[in-house]
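The structure under discussion appears below in the form of structure tokens.
The values are calculated or read from the model by the stated rules, or taken from the named source; none is laboratory data. The structure presented is a predicted model; accordingly, all values stated were derived computationally and were not measured. Neighbour counts run over all protein chains shown; Cβ positions are idealised from the backbone, glycine included. When the accessible area is computed, the model is the full protein with side chains, heavy atoms only, and any ligands, DNA or RNA have been set aside. Shrake-Rupley method; radii C 1.70, N 1.55, O 1.52, S 1.80 Å.
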Amino acid sequence: MRIYYDAITSHGPGKKSFRLPVGLQDNINLLILIHLLAFGLFIAFGGTSLIGHGFANEALHDRARDFLALSARVQDIPHHWLTSLFTYQFIHFRLGEVLLSVSMLWIFGHILTRRIGQYRVIVYYFTLVVFSAIVFNIAHILFPIFADPSGILDGAFGGVLGIMTTAVVLYGRLVFSFGRSLRFQLWQLYAAA
């Protein structure tokens, strides 16, 4: 996929473009592969079906919920909080959820790479994941009336949304072009996601 954007150069305004990488030599693509493999393993061990209906193995669901996903229960904070602070992002219960997360990470992460580099995008993503987890727990502690005691934080969208927002702030006028007829700006993709 080629992305076009307006550029002001020494020769005046013009169009520039770049391609989104697909190979595994790219760190963002490796992170996406890890998310997809974690979801595949979760399905393989009966954790969920592809469309998210129930769990074939209730013990696996409980284990993923209690240890890997981030629990909203205050009593779980001392036990699993440090591990689930990093692992919750790899737990997805629905195929659509994981596909939306990784596709938005692929597009917006590579756009942001043009400004700050791959390594910084990955570090920024993990920082946002940890920040989302802290905010989630603080909100459940401060506002228990709104907190579902069985609630969990799962999926990568907390980190992905931060990557998306930063990319839109920096590059909101980027134009995606699919063929000759379909064109839309980056902020429109952000709003649709």
(request) May I ask you to rank Leu36, Leu112 by accessible area, largest first, using a 1.4 Å probe over the protein chains only? (result) Leu36, Leu112
(request) Figure the gain on full extension for Tyr119 and Phe131 (residue separation times 0.36 nm, minus the Cα-Cα span) and round it to one decimal in nm. (result) 2.5 nm
(message) Tell me the relative contact order for segment 95-170 as a rounded percent, counting alpha carbon contacts under 8 Å between residues six or more apart.
(response) 52
(message) So, R0 is 41 Å and r is the distance between the beta-carbons of Arg173 and Ala44; what FRET efficiency does that work out to, to 0.05?
(response) 0.45
(request) Take the alpha carbon gyration tensor of segment 110-169, find the square roots of its eigenvalues, order them as a ≥ b ≥ c, and report rounded if a/c is under 1.5; if not, report prolate when a/b exceeds b/c, else oblate. (result) prolate
(message) Please list, in order along segment 187-193, the HN-Hα scalar couplings obtained from phi with the Karplus expression 6.51 cos²θ - 1.76 cosθ + 1.60 (θ = phi - 60°), rounded to whole Hz, x for Gly and Pro.
(response) 5, 5, 5, 4, 5, 6, 6
